[in-house]
Structure formats: structure tokens, C-alpha cells
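Notes for the one structure printed next.
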């Protein structure tokens, strides 16, 4: 059973995820939206990845900015690192240069509610469950400096 759900809302422009994040930022601070950790990723036309992270101050579940970057590069490279194949393939199909994505790491109990809320936005919605073991393995690979 998953300990966390990673939800990704992908946009076909560089500003879509940032606009959505700005809209949710106050809601996140008010704790009325049950997200432990979020990151906005912009994939510039130049190939550069820009990561902006928001983490709930009380969350023990969150990723660092460096770990988000590692996860995103892993998804783009197609390497598995214990991530669901379907999730990787769908992500690679949609996340191209000139696009952006909002990543959220949430508790599984809240994932249904957030998925319903995210369906109202124009973007491609994908998600995958992560066990604590998978998160530990990702963190270990990122801290070991493994290349993707």
C-alpha cells in the first residue's frame, strides 16, 4: 500500500503550473488543502529545468528541491528507480520543453479529494503511489549523486 501519492498536473505552456501554484499558495498556507509538499517545474525551451518548491512546515513526508529535481530527471530519462512504468511513460509523453508541471506529494487518504479538485483545471493529470521504501530508495540514489 502506498504511503504517499504523487499527483502531477502537466501544462503545455511554461507558465500554467506557476499560475495554478500562485492560485493555491494561500490555500496551502491555510492548511485547507491537504498537501504535504508541492513543486512547480518549468521545462524551458532551452532544456533547462526550473524547480520551485513549497513544503508544509510540519510535513515529515516532503522532498527537498534537489530530490524533486532528481525525480523529474529520472522520469524524463525513463530510468525506473522503483517508479511505476506507466507513470514514467505518460510523463515523458506530455512533459516536453516549453511545458510546466505542478507536482504534489500527499497522503493517500486525501488523494481522491485532490484528484477531483485538480480535474477542473486544463492540464494532463497523472498520479502514482509511493511507498516509504520507494521514497527512501529515491532519497538514497539522489544523495549518492547517481546520475540520470
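Of the residues making up the range 124-145, those that are surrounded by 13 or more Cβ atoms within 10 Å (Cβ to Cβ) and not in a strand (DSSP E or B) are 131, 134, 135, 137, 138, 139, 141, 142.
The single condition among (1) in contact with a helix residue (DSSP H, G or I) (Cβ under 8 Å, 6 or more places away or on another chain); (2) within 19 Å of residue 21 (Cβ to Cβ); (3) surrounded by 19 or more Cβ atoms within 10 Å (Cβ to Cβ); (4) modelled with pLDDT under 90 that residue 121 does not meet is (3).
The values are calculated or read from the model by the stated rules, or taken from the named source; none is laboratory data. All figures in this text were calculated on a predicted structure; none of them were measured in a lab. Note that we place each Cβ from the backbone using ideal geometry, even for glycine, and neighbour counts take in every protein chain shown.
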